[in-house]
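Quick notes on the structure that follows.
A short reminder: the numbers here are calculations on the coordinates, not readings from a lab. Remember, it's a predicted structure, so these values are computed and weren't measured experimentally. A quick note on method: Cβ atoms are made from the backbone with ideal geometry, for glycine too, and the neighbour counts reach across all protein chains shown.
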Amino acid sequence: MTVPRAPEPPAPPAAAPAEPPPAKRFTFPSAVTVLAVVTLAVWLLAFVIPAGTYTRNGHGAPVQGTYHRAPSAQTFPERLNDLFLSPVNGLYGIKDARTGQVGPGLSGELYGSAGVFLFVLAIGAFITVVFATGALDRGIGRLAHRLRDRGALLITGVMAVFSLLGTVEGFAEETLGFYGLIVPLMLALGFDRLVATGTIILGAGIGVLCSTVNPFATGVASSAAEISLGDGIALRVAMWLVLTTVTIAYVVRYARRVRRNPDRSLCGFLPGDREHARTTADAAAPPGLTGLHKTVLVTVALVFAFMIFSVIPWAGALTGNTAAPPYGFELDWSFPQLAALFLVAAVLVGIIARMGEQRLSATIVQGAADFIAPALVIVLARGVTVIMNNSKITDTVLHSIEGVVSGTPSAAFGIMVFLVNLPLAFLIPSTSGHATLAMPILAPLADFAGVSRAVVVTAWQAASGWMNLWVPTTAVIMGGISLAKVGYDRYLRFVWPLLALLAVLVCGFVALGAVLG
C-alpha cells in the first residue's frame, strides 16, 4: 500500500527586485552658504590679483595715470585673520582714516552693516507684533477679496511707486521692510512668492538702474565726473519710463501665468501658501474690520509713510543740486534711526492692541529671532567688500580697464563702459563706493572718445543697477529672497530672461546717447 505523500507547500513567491534608493536631488545652497563661498573665493583671488593703489586727490578720488603697484603689507596670518573676521567686520568693522584698513578695533568711521542688521531685526519685531493683532490678516483678506480680479493693477501700482523712489533717492535696502506685507498679499491673490519678490526687488531695482536724480548714484557719479546732476537727465528719464514699463509687464505676465496654472510656478508653494490663495476663490467677503483693526492698520501705514519721508533728501531731489542745503523739515534718517522707529512702533502697536506686557515682550523677541537669518546674510555680504578693501585689490581691478575703453567709436564706447562696469559692480556692490572709485577714471576717458561725460554716468549706473538685480553680494537680493523664502536658484531662473532684455535695451540707450551727444 502506497502512502500518499503530503502535498508540498507552495513555493514562496519570488522576491521582488529591490528598488534602488531614490536619487538624491541637488539642493541649491542657502544664501548663507552662497555668501560663504563667495567670501572664500574673493579671499583666494586676493593672493593672485596684485595689490596696487592710485594717488588720491584732495577729495579722496583716484587720479588717472597714477596707479602704481603697492604690495600689500599684510602677512598671511593677517589675511587669514581678515577671512576669519569677515562676518565681524561686516557687522561693525571700523575703517581707519589714515590706512584705509577695516577692523573691529580701529578708530574711524563705521564700515560694517550694524545699522542694517538691527534694522532687519526691528522690522521683524514690528511685523510680528502687527500680525499678532490679527489686523493685517483680516485687512489682507478683505483687500484680496476686492482685488481678486485686479492683481495686475496691484502689482503695477507697487512697482511703479518703488521704481519712482528708486530713481529719485536710491530706494533699495529700505524695501526689506515691505516683505512682511507684500508676500502674504500676493499669496492671497493666488500668486507665488516669486511674484512678491519680483514686485519688490525689480520694482525698486529698475528705478535705481535708471536713476535720474538719485543722490547716491547719479549725484555721486556726476560730482566725480565734474558735471551737473541735470546733464543727461533727458536720456535717463526716457530710459526709466521704457525699462520700468518693460519690467512691470514682465512680472505681471508671470503672475498671470502662475494664477492660471499654479503648477507653472518656478518656486512652488510652501505649506500654508495655498490657504492664502483660497481666499480669492471664496465669493463671500471676509469679516469686517473692527475699530481696533482699523487703528492698527492706519498706524502701520503711517509708520511706513514716515519711514519713506524720513530718508528722502528732499532738497537734492527737488532742486537737482546734491550740494543744496537741506530743508528745515528734512530728517536725513538712516538705518539706526529707522531701527529705533520700528522698535518704538512695535511697542506702540502692542499698546494699541492691549496685548499686555508679557505677551508684547515675547512677541517682539520672537519676531527678531525669526528675522535673524536675513540679517546675517546682509552681514556676510558686507564682509566680502572688507576683504577686498584690506587686500588692496580694488584699485588694481580699476586699473585693468583703463586701456580697454579709450579710443573707441562713440556708440561702442558707451556700450563698452556699460560692459566693463559689470564685473566691477559685482566686486563693489556699494553704488556710491563704486561711483567714487570708478568715475574719476572712466569720465576722463569720455573726452578722448568724444562722448559726453553724462553718457558715462548713465552707462555706469545702469551697469551697477543691472548687476545689483541679481548678484549674491548685495543685501537687497540675498536679504530679500531670504525674507520671501525663495531659493536663489529659483530667483535666477525667474529673472534671467528679463536681465537679457534689459541689457539689450540699456546698450541701445547708451549707444544712442553717445551718438547724439
Let me check I have the definition right: for the stretch 473-516, take the eigenvalues of the Cα gyration tensor, multiply each by 5, take square roots. What are those semi-axes in whole Å, largest first? 30, 12, 6
Nitroxide proxy distance, nm - points 7 Å out along Cα→Cβ at Leu492 and Arg354: 5.3
Listed highest first by mean packing, meaning other Cβ atoms within 10 Å per residue, what order do 335-341, 93-99 come in? 335-341, 93-99
